1. For the range B:162-173, check the following and say yes or no: at least one residue is outside any strand (DSSP E or B), among the charged types (D, E, K, R), within 14 Å of another protein chain (Cβ to nearest Cβ) and more than 24 Å from the chain's Cα centre (by Cα).
2. Among the numbered criteria (1) within 24 Å of the chain's Cα centre (by Cα); (2) at pLDDT 95 or above, which one does residue B:230 miss?
3. Quick check on residue B:144: is it among the β-branched types (Val, Ile, Thr) and within 25 Å of the chain's Cα centre (by Cα)?
4. Select from the range A:96-137 the residues that are part of a loop (DSSP other than H, G, I, E, B) and loosely packed, with under 15 Cβ neighbours inside 10 Å and list them in ascending order.
5. Taking residue B:183 and the conditions (1) away from chain A (no Cβ under 12 Å); (2) under 16 Å from residue B:159 (Cβ atoms); (3) surrounded by fewer than 23 Cβ atoms within 10 Å (Cβ to Cβ), which numbered condition does it fall short on, given that it satisfies the others?
6. Can you name the condition, by its number, that residue B:51 falls short on among (1) closer than 22 Å to residue B:314 by Cβ; (2) modelled with pLDDT under 95?
7. If we keep just the residues of the range B:228-241 that are under 19 Å from residue B:48 (Cβ atoms) and small (Gly, Ala, Ser), which is surrounded by the fewest Cβ atoms within 10 Å (Cβ to Cβ)?
8. Hey, among the residues in the range B:251-266 that are away from chain A (no Cβ under 12 Å) and over 19 Å from the mean Cα position of the chain (by Cα), which one's nearest to residue B:43 (Cα to Cα)?
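The values are calculated or read from the model by the stated rules, or taken from the named source; none is laboratory data. The structure displayed is predicted, hence computed values, not measured ones. Quick reminder, even Gly has a Cβ in these numbers, built from the backbone with ideal geometry, and neighbours come from all protein chains shown.
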Amino acid sequence: MTLEGGARKSVMVANGNVSGPLARAWRGLQKTGVAGQIVCLVIVMSIFAIGTRGKYLSWDNLQVILSLAGIPAILAIGVHQTIVLGGIDLSVEGVAGMCIVFVGLLLKNKLNTNDVGLWIVPVVMGAGGIAGFLNGLVITRLRIPSFISTLGLSWILAGIAVYINKATTVPLLDTQIQGIVNGSFLGIPFIALIALGLALLMQTVQDKTRFGGYVYAIGGDEQLAQQAGVRVNRIKIMVFVIAGVFYGLTALALCTQLGSAHPRTGSNILFPAITAVAVGGVALTGGIGGAKNAALGALIVTALNEGLVLMSVSPYVQQAVNGIVLIAAVALTIDRRKLGFIK
Amino acid sequence: MKHRLTFCAVCVLLAGMLFAGQLFAAGQGEGNTAGTTLVTSIRGLDNPYHANYAVGAKALGELLKLPVDVLSTEGNSQKGISDVRAEVAKTGGNMVLSIDPNQAPDVVPIAKILEDAKVYWVNWWNKPDDVKVTTYKYWVANITFDSVGTGYFNATQLFKAFKTPGKGKIIALQGQLANNAAVGRFQGLQKALKENPDVELVQWEAGDWDRTKGYNLTKSMLVAHPDIDGIWSANDEMAMGALQALKEKGLDGKIPLTGTDGIPEIFDAIKAGYVTSTVMQDAKYQSQLGLSMALAAKSGKLNVASMPANHRSFMIPGTQVTRENVDKVVNEFIKNTPKYDLSDFFSRWVAEAP
C-alpha cells in the first residue's frame, strides 16, 4: 500500500522532513507549546468570520473580544495553578465575593467617604492571598481534598461577604481604576494587556524557577516529588496563595468594570474559568499546562461565545455548545493513566 | 415490686406528658394565633429583593406583637425543605409560613410537611402547574406576579421612548431560560411587538438574570446591531449591566432601556433618564400579604375550604415605575415600609394563576 499525495505530505510534515515555509511555521508554532490551542482559535475565528461575512474580524469586534477575555483570563491563570498541582480550587466565587466587599467598602463610592485609590490593588491581592493561605492550610494540615475544602471555604466567605455587605449594591465612583480596567492603549483594551502581562509573568515563574518545577513535579506524581525531597505542603500552600491573589485582582476588575460592587457579582465565574482552563489544554489530572494555556483557553472560550452571539445563534444552542466544548477539551487533555476507575 | 411501681409511675408520667403535648398542640392549631411565629422562607439575604421579604415580615411581627423567624435556603432546595421541617419542630407547629421556594418542585415535600403539621402557608412565585393548591387543606394560596403584564408594560414604555415613538429596532436580554417569570415577561414583550409592527426585535440573548452577563451580551450585540433604538431587559440587574456597556460607548441616555424588579440602582438610573421604566415587586407587601392570609386562615377568619379556586392561585400586578412616579415610589416603598391595607387579601387580584 502506498501513501498518496496529501497523506504522504502530511506524514512528512509531521515527521519534520519538509523544510517549506509552512512546515517551518508549524515547527515554530509547536515550540510555543500551545500550537493546538492557536490552531483551535484560528479555526473558531475563521468559522465565525465566514458566518458573519467578515464582521467578526472587524476591529470593533476584536476589541470587544479582547476586553471580554481579559477578566476570565486573569481568573483562569489563577485557577489553573491549583489544577496543575493536581487539585482544584472551587473557592473562586467566595473569595471574589469577599474581595468585592473590600472594594465596596474602601474604593471611592456613593455610600461612604472612603477612598484608598490604587491602594485597593494590594488590599484585594492581600485578601485573596489570605483566603488562599486558608485553603492551603485546610488542605495540607487537615488533609481534606481540595475539591471539598475549597468549596466549603467558598460558602463561608460568601456568607461573611453577604453578612458584612447587607445585600447592598455599592455604586463605585472611582475613575482611576475604572479608567485602567475599561481603558485602552492603541485601541487594545488595558485589561487584555494586563492579562497578557500576568500570563507571561506566571509562565516565566513556571518555566524558569525551581518553584515552578516543583509544582509540575507534585502535579505529575506527588509521592515521587515527596520522595525527591520536595516540601509538598509548603508548595501547595504557596500555589493556593498565588491563586487567591489572582482571584482578588479578578474581583477588583469585575466590579470596577461594572461600576458597582456586590458580593454576587462574582457568582457565575467558576464554571467559565474551569472551562477556559480545560479548553486551554491544562489537564484536569494535573502536571500538564501553564499560564499561557489558561490565558489562551479564556480567549478561545470568549471568542467562541462572542461569535455565537454575533451570529445570532439560538441561546438554547449556545449552552449546548459550551458543554460540548468542555467535554471535548477534557477528553483531549486528560491523562488517563492517572485514572484507575471512571465513575 | 418496687421496680414495678417505678415502671408504672414512669409510664403514667410519659402518658400524661404525651396527652398534655397533644392538648398543647391542639391549642396551637386552628382558631388560636397567640404566640404564633411568623415564618418567611426566602432564597437568601444577599439581594435587596429577598432581604425585603424579611423586612416586611419583621414589620408585621412588630405590629402584631408576634415572633418572626427568617429561613434562608441559600439557593439549596434540600436546605429549604429541612429548614421548614426544623421550624415546625421548633415552634411545635404554632407557626404560619410565607415562602418563596428555591425551585417549583420544592413545594410538594413542603406541602406534605405542613399538611401533616397542620400549618397554614402561602407560596410565592414557583409551583409546578400540575400541583393544585386546592388539593391541600392548609396551603392557603399560591400567589405570583403578572409576568406577561410586566413585560408588556416595560415594552410599551420602551417603544414610546424611541426617537420616533413606536418605530425602531430593539435587542432583548432574557432571564434564565425555562424560568416561569422569564417566559412570562418575554411573552409580554412579544405581545407588545405584535401590537407595534414597526418595532423589530433584532436579537435576544439569555443573560440568566446576571449583571455581568447582561454587560457582556450587550457589548457583543452592539457590534452586531449598532443601530438599535432600545434595549428590553427581563430584570434590573441585566439592565444595569447593559447600561454600563452603553456608557462605555457613550450611548447612555441615548438608547433607552427597561428593567424589572425595582433594585435601588434602577431608580437612580430612571431619575437620570438612562432607564425608561421598571416594574417593582414589593417583597415587603408580599411577605405581609402571605403571612396575614395564613394567619387569618389559622384564626378561622379566612375559611380556606370555601375559597374559590381562583382565589387559591392568583396573580397580582407589580408597581409600575417611570420617571413620573419614581420619587414617590422610592419614598413610599424603599425608604419606608408603608402600612399596607390588608383588610382585603384579593384587592390586587388580576387573574387566576395555573
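1. Within the range B:162-173, none of the residues are outside any strand (DSSP E or B), among the charged types (D, E, K, R), within 14 Å of another protein chain (Cβ to nearest Cβ) and more than 24 Å from the chain's Cα centre (by Cα).
2. Unmet condition: (1).
3. yes
4. Matches in the range A:96-137: A:110, A:111, A:112, A:113, A:114, A:115.
5. It fails just one condition, (2).
6. Here residue B:51 clears every test but (1).
7. B:241
8. Of everything passing the filter in the range B:251-266, B:258 is nearest to residue B:43 (Cα to Cα).
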